[in-house]
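Rule-based calculations on the coordinates, nothing more; no lab input. Every value quoted in this text rests on a predicted model; they were computed, and no experiment measured them. Note that we place each Cβ from the backbone using ideal geometry, even for glycine, and neighbour counts take in every protein chain shown.
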Amino acid sequence: MRVMGGQSSAGAPARLLPWTGAGGKPCYLVGSGTGYVARRADEVEEIQLDMADELLGHAEGLLSGADATAPQLHFLASRLSESLEQVQRIAESRGTRLEAALAGARPHLNSDTSP
């Protein structure tokens with residue numbers, strides 16, 4: 001499911017944060033994206049991406065052998081699912097911000113070529 005944020009009063013899209021609120025609902029940041037919460041979100045995203053990379057390495061090691069037990073595989077699948085959810089949230093957040101940045105740049109780029 002794709003989650004879309006609203007727009008701030010400045011016209012910038014609300015940033016989907018890498019954590020959820022009560023009941024698993026998405027959290028958004030409205031503003032310039034340069035304050036404390038934005039920096040903290042950047043840090044959390046970096047940690048989540050690093051953890052996903054480490055988890056993939058662990059999965060490769062576990063799956064390369066034939067002696068993995070069912071509980072080990074279940075645990076691995078659960079952690080991979082959680083990690084994929086986090087990475088998907090990061091991708092959605094960054095994609096929305098990139099689309100907004102590109103949309104904001106297009107009129108500026110085309111103003112030189114207009115008759």
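Observations, loosely collected:
- If R0 is 25 Å, the Cβ-Cβ spacing of Trp19 and Ala77 corresponds to a FRET efficiency of close to 0.65.
- Taking 0.36 nm per residue of sequence separation and removing the Cα-Cα distance, the Thr34/Glu99 pair yields an extension gain of 21.6 nm.
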